[in-house]
Structures are given as structure tokens and as C-alpha cells.
Amino acid sequence: MKLRGKLSWALIAFAAFVTKADAQQDPQYSQYMFNQMAINPAYAGSKEALSTAILLRSQWTGIDGAPKTETFTIHGPLKKKKVGLGFTVIGDQIGPKKSIGALGSYAYRIPIKNGKLAFGLRAGIYNYTYNWADITYKDANDVYNTGNSTSIIVPTADAGVYYYTNTMYIGLSATHLYNGRLTSVSNQNGDNAQLSPHFFFTFGKAWALSDKLIFSPSVVIKGAKNSPSTADINLCFLIKERIWAGISIRGSYGFVALTQIQVTDKLRLGYAYDFGLNKIGRAGGGSHEVMIGYDFNIFKSKMMSPRYL
């Protein structure tokens with residue numbers, strides 16, 4: 001199939017996605033260390049407050065049809081604090097494909113030494129919509145050349161485990177454990193696009209270098225079935241308990257510069273800029289990611305320090 005308009009690496013990747021579904025399907029997040037609800041249901045309740053966050057991401061701004069992601073999360077512990085509940089909405093668009101997911105999370109938390117070990121489950125649905133008319137086809141008999149839009153609702157199920165203290169965290173999660181079909185269009189060879197399991201490992205640790213400077217490196221390793229794993233290594237500093245500044249090294253891609261400002265004890269604003277050194281990174285230009293978070297201390301209790309989680 002041939003795409004009309006400006007040549008788009010993102011749409012080429014999409015074409016491969018709908019035919020084999022071997023690529024990573026979950027959105028990219030550069031500020032994962034500040035809000036892991038989108039990738040791990042066991043994170044629910046870990047802020048010890050009713051925590052909300054909105055994330056807006058525009059990837060490869062120099063490419064028409066490149067990915068755009070909007071995410072809203074809200075989570076918190078119940079009054080007895082052994083159980084955490086969360087809700088996540090994820091909107092994602094790449095070329096002619098749009099998806100929106102609504103997911104509910106449950107986490108059961110067990111106190112262990114100076115921290116808590118949480119086991120999480122999440123279930124929900126995604127609605128995938130494809131505008132096939134946005135594509136010009138080399139083969140007029142292409143199975144996807146329907147000339148209109150199609151939509152399909154796909155259930156999903158995720159699971160995770162998360163251990164955290166005031167100064168470190170470690171998590172492991174898997175998304176899309178149910179392999180639902182992604183389009184209502186049947187491929188002639190039976191190789192239909194499906195949701196593919198994705199796996200995430202996160203680890204972070206904080207050290208106080210002085211009264212006014214915290215060093216907090218972290219890492220996320222991401223993988224998907226039939227897709228190579230990638231890793232982000234982040235080196236972040238907190239200055240005077242208010243301003244985060246850091247840089248991430250993204251394997252086989254490039255770098256990310258990020259900052260977050262703790263405006264008040266409850267309000268935080270974050271920004272990340274991705275700049276790629278590989279072929280698509282140079283062709284596509286930078287990626288922008290903005291995050292706004294607010295925590296409601298509903299139980300009037302001491303909240304976990306925002307320096308480390």
C-alpha cells in the first residue's frame with residue numbers, strides 16, 4: 001500500500017502493525033518515573049493520596065501522522081490503606097488509527113520492612129477506529145481498502161507487582177494478556193492483527209548528596225512479544241526539593257531531557273523533550289511530552305515524599 005501526502009515513517013510502521021502486529025503497541029512515556037499508573041496496575045495507591053495526572057505527548061513533530069498520546073490517571077488507597085484503586089484513560093493516534101482505552105486497577109498492598117509490596121490487576125476495554133480512506137493503495141483489491149471507517153472494541157487485562165519505600169521502587173508488569181483482535185477487517189491469509197503482551201520492568205533509587213540535592217537514577221526495560229526489548233536509563237537530580245532535572249539514554253534511539261517542578265506540595269508540572277539520533281529520530285524531529293499532576297490528601301495523613309516516587 002502507498003501513502004498519499006508527505007512520506008511518513010510513522011504510517012509505514014502502522015502498515016506493518018496492522019498486517020503482523022509484531023511491533024510495540026503501547027504508547028511511549030518519557031516521564032514514567034513520575035507516574036507509573038499507565039504501565040503497572042500495582043502502582044495504584046502508592047502515593048498515599050488521591051493522585052491525578054494528565055499527560056500529553058506529541059511524537060516526531062516533523063512527520064505527518066506521527067503518534068499523539070493523551071493519558072489521564074487517578075488512583076489512591078482506600079481508608080484502611082491495604083487496597084489501592086485506580087482508573088486510567090489512554091487516547092492514542094497514529095496515522096489513520098485512533099484508540100481510546102478505559103481501564104480500572106486494583107492493588108493489594110502488604111507492608112514489608114520499610115516499604116510495601118503491592119500486587120495489581122487491571123481490566124478494561126479499548127476502542128480502535130481506522131479511517132481506511134486516508135490511505136492510497138497500490139493494490140486496489142487490498143483487503144484494507146474498504147473506503148470507509150471501521151471500529152472495534154477490544155477487552156484487555158493487565159497484571160503487575162510493585163515494591164516501594166521512601167527511597168526506592170522496583171516493579172514488573174505485563175499488559176494485554178488477552179490477545180484480542182485489533183480490526184474488524186479479516187486478512188486473507190488469516191494473519192490478523194491482535195493485541196500483543198507487553199512487559200515492563202522499572203527500578204529507581206534515591207541518594208541524598210546534600211541537604212539540597214538528591215540523586216535519583218532509574219531504569220525502565222520494555223519488551224513485547226516478537227519485538228526487541230528497549231531500555232531507558234535515567235539520571236535525575238532534585239534541587240531544593242522543588243525542581244527535578246535529568247536526562248535519559250534511550251537504547252538504539254537517542255536522548256531525553258526532562259524536568260519537573262513541584263509548584264506546591266500537591267501540584268507538579270513536568271516536561272520532556274526527546275531527540276533521536278537514529279534514522280527516524282533525525283527525520284522525524286523532536287518529541288514533546290507535558291505532564292500535570294495534583295495530589296489530594298484525602299486522609300489528612302503524611303504523604304509519601306514526591307522526591308522518590
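What to note about this one:
- The local environment of Y273, defined by Cβ-Cβ distances under 13 Å, has a net charge of 0 under the rule Lys, Arg +1 and Asp, Glu -1.
- Cross-link pairs beyond the 22 Å C-alpha cut-off, checked among K116/K240; K68/K279; K116/K205; K82/K113; K68/K205; K79/K240: K116/K240; K68/K205; K79/K240
- Its Cα gyration tensor gives the range 9-296 an equivalent ellipsoid; the semi-axes, largest first and in whole Å, are 34, 22, 16.
- Ascending count of other beta-carbon atoms within 10 Å, so fewest first, for S99, S151, S287: S151, S99, S287
No lab work stands behind these numbers, since they all come straight from the coordinates. Not measured: the values here are computed from a predicted model. Glycine also receives a Cβ, built like all others from the backbone with ideal geometry; neighbour counts cover every protein chain displayed.
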